[in-house]
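Worksheet: one structure, shown below.
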Amino acid sequence: MVAQSRRQFIQGELSQTGKVVVSDLSERLGVTEETIRRDLERLEADGVLKRTYGGAIPNPERRLVTDVQYYKRAAQRVDEKRKIARNMLPLLEHAHTVAADSSSTTGEAIKLIKDRSDLTLLTNSTAALQELVDGKLSVMVPGGEFHRGTLSLRGEATKSAIRRYRVDALIFSCMGIDENAVFDSRPEETEVKRTFIDQADTVILLADHTKFGRAAFVRVASLDKIDYLVTDEEPSEAWKAICEEHQVTLVY
């Protein structure tokens, strides 16, 4: 795991538990304790945390970056998101232009394609830019209004910029799926997702098994708009039938 990803993980742990331990982080991230200490030093210098004996706690003088909704979501169901990302990877083998929304599941997928020098990525996720600093792919970012909670760009300017491009594939996630449609919780983010869908030749939905049978506040699109549904577990026979009815290819 690269330094930026480790530090994001550490911030996520601080947000969830209120403290981190060097030895525990070393084991979980597969790096030396000295590497973890350097990460903590960097985060302390950035004002994110205060180091303690054997670990660190949140900086009481500063609101943590991990209070941002994106990092809270990114720290949840990490194993499932990474499995989905791996399952998705073959679908982009022949793609040269890819769009990605600002979801945390998509963020895991971006990590797996960032070293493809033959690929151009169009995304409204500002969190993805941190991950792509040391990547090889080309990155296109639309303008628009910056939303701090989701670390994304949105609004009319964002949608207008996206409409100038056509992409081979879109990867995006959602809050829920029922037998007819895909749902999300934020109207402004949903509008950007719809615009991405309109501009993509192939639409790839990334959703873990807990999203099945769940509706949310805003309808993103009908299932008929989805080409591939990538998940982390084999769906039930009922869901296989639903996807077949809507001509959605399941990948798990």
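One residue is enough: does the stretch 1-13 have a residue meeting the conditions without any contact (Cβ under 8 Å) to a residue 24 or more places away in the chain and open to solvent by 70 Å² or more (accessible area, probe 1.4 Å)?
no
Every residue in the stretch 157-173 that is touching a strand residue (DSSP E or B) at 6+ places or on another chain (Cβ under 9 Å), under 22 Å from Arg219 (Cβ atoms) and either surrounded by fewer than 16 Cβ atoms within 10 Å (Cβ to Cβ) or of a type in the set (D, E, K, R) (or both), please.
none
Restricting to the stretch 94-130, and then to whatever is over 12 Å from the mean Cα position of the chain (by Cα) and among the hydroxyl-bearing types (Ser, Thr, Tyr), can you tell me which residue is farthest from Gly176 (Cα to Cα)?
Ranking the candidates gives Ser117 first.
Kindly indicate which of Ala99, Ala85 is part of a helix (DSSP H, G or I), modelled with pLDDT of 95 or more, in contact with a Leu (Cβ under 8 Å, 6 or more places away or on another chain) and surrounded by 22 or more Cβ atoms within 10 Å (Cβ to Cβ).
Matching residue, one of Ala99, Ala85: Ala85.
Output yes when any residue across the stretch 183-192 is over 14 Å from Ser102 (Cα atoms) and surrounded by 15 or more Cβ atoms within 10 Å (Cβ to Cβ), and no when none is.
Checking the stretch 183-192: at least one residue is over 14 Å from Ser102 (Cα atoms) and surrounded by 15 or more Cβ atoms within 10 Å (Cβ to Cβ).
Taking into account only those residues within the stretch 132-149 that are aliphatic (A, V, I, L, M) and part of a loop (DSSP other than H, G, I, E, B), which is most open to solvent (accessible area, probe 1.4 Å)?
Once the filter is applied, the top-ranked residue is Val133.
Tell me yes or no: at least one residue of the stretch 85-105 is free of Cβ contacts under 8 Å to residues at least 24 places away in the same chain and among the acidic types (Asp, Glu).
yes
Among the numbered conditions (1) buried (at least 16 other Cβ atoms within 10 Å of the Cβ); (2) among the acidic types (Asp, Glu); (3) not in a helix (DSSP H, G or I), tell me where Glu108 comes up short.
Among (1) buried (at least 16 other Cβ atoms within 10 Å of the Cβ); (2) among the acidic types (Asp, Glu); (3) not in a helix (DSSP H, G or I), the lone unmet condition for Glu108 is (3).
Are there strands (runs of 3 or more DSSP E) fully within the stretch 206-252 with at least 1 residues that are surrounded by 19 or more Cβ atoms within 10 Å (Cβ to Cβ) and in contact with a strand residue (DSSP E or B) (Cβ under 7 Å, 6 or more places away or on another chain)? List them.
218-222, 228-230
Look through Gly55, Gly18, Gly30 and report the one residue that is at pLDDT 80 or above, open to solvent by less than 10 Å² (accessible area, probe 1.4 Å) and of a type in the set (Gly, Ala, Ser).
On the way: Gly18 fails: open to solvent by less than 10 Å² (accessible area, probe 1.4 Å); Gly30 fails: open to solvent by less than 10 Å² (accessible area, probe 1.4 Å).
On inspection, the qualifying residue turns out to be Gly55.
How about the stretch 33-50: which of its residues are touching a Lys or Arg at 6+ places or on another chain (Cβ under 9 Å), within 16 Å of Val2 (Cβ to Cβ) and open to solvent by 60 Å² or more (accessible area, probe 1.4 Å)?
Arg42
Which residues, taken from the stretch 150-204, are part of a strand (DSSP E or B), out of contact with any Asp or Glu (no Cβ under 8 Å at 6 or more places or on another chain) and free of Cβ contacts under 8 Å to residues at least 40 places away in the same chain?
Matches in the stretch 150-204: Phe183, Asp184.
The values are calculated or read from the model by the stated rules, or taken from the named source; none is laboratory data. Keep in mind it's a predicted model, so treat the numbers as computed, not measured. Every residue, glycine among them, receives a Cβ derived from its backbone with ideal geometry; neighbour counts consider all protein chains shown. Ligands, DNA and RNA are stripped out before the accessible areas are found, and what is left, the full protein with its side chains, is counted by its heavy atoms. Shrake-Rupley method; radii C 1.70, N 1.55, O 1.52, S 1.80 Å.
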